[in-house]
Amino acid sequence: PISMVPLTKYEAASRKVMELYQERDPDAAFTRAAHLGIDYLLVGPPERKMFPDFEATPRSRPSRFREAFRSGDVSVFMLEGSA
């Protein structure tokens, strides 16, 4: 439960993930995600609404982000070399 997570750590981690989704440079996005231990990035309706320009970032660098899954308006990108 969220009540068990120290709030400042949760807020800091959330801020770092939001910064990742705001990144436009695919190499910088890859580095951020890898540093955070992220293997997969989800892009669905909530992410598109909050970060409308993000999906172009992983799509622009398929050597770093492979689309591992797509169904309707949900895409999952796998960081190449991370799993």
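Can you give me the number of residues within region 53-81 that are within 22 Å of ARG15 (Cα to Cα) and either modelled with pLDDT under 95 or of a type in the set (D, E, K, R) (or both)?
Of the residues in region 53-81, 2 are within 22 Å of ARG15 (Cα to Cα) and either modelled with pLDDT under 95 or of a type in the set (D, E, K, R) (or both).
Pairs please, first residue from region 59-71 and farther than 19 Å from ALA28 by Cβ, second anywhere and of a type in the set (Phe, Trp, Tyr) and open to solvent by less than 80 Å² (accessible area, probe 1.4 Å), Cβ atoms under 6 Å, 6+ apart in sequence or on different chains.
Cβ pairs passing all conditions: GLU67/PHE77.
Taking region 40-55, which residues are in contact (Cβ under 8 Å) with a residue 12 or more places away in the chain and surrounded by fewer than 16 Cβ atoms within 10 Å (Cβ to Cβ)? Steps first, answer last, please.
Let us first name the residues in region 40-55 that are in contact (Cβ under 8 Å) with a residue 12 or more places away in the chain, namely 40-45, 47-48, 50-51, 53-55.
Those that are in contact (Cβ under 8 Å) with a residue 12 or more places away in the chain and surrounded by fewer than 16 Cβ atoms within 10 Å (Cβ to Cβ): TYR40, LEU42, GLY44, PRO45, ARG48, MET50, ASP53.
Just checking, which of VAL17, VAL76 is surrounded by 13 or more Cβ atoms within 10 Å (Cβ to Cβ) and outside any helix (DSSP H, G or I)?
Details: VAL17 fails: outside any helix (DSSP H, G or I).
Answer to the selection: VAL76.
The values are calculated or read from the model by the stated rules, or taken from the named source; none is laboratory data. The structure presented is a predicted model; accordingly, all values stated were derived computationally and were not measured. Positions of Cβ are backbone-derived with ideal geometry, glycine not excepted, and every protein chain shown enters the neighbour counts. Note: areas computed on protein heavy atoms with side chains; ligands, DNA, RNA excluded. Shrake-Rupley method; radii C 1.70, N 1.55, O 1.52, S 1.80 Å.
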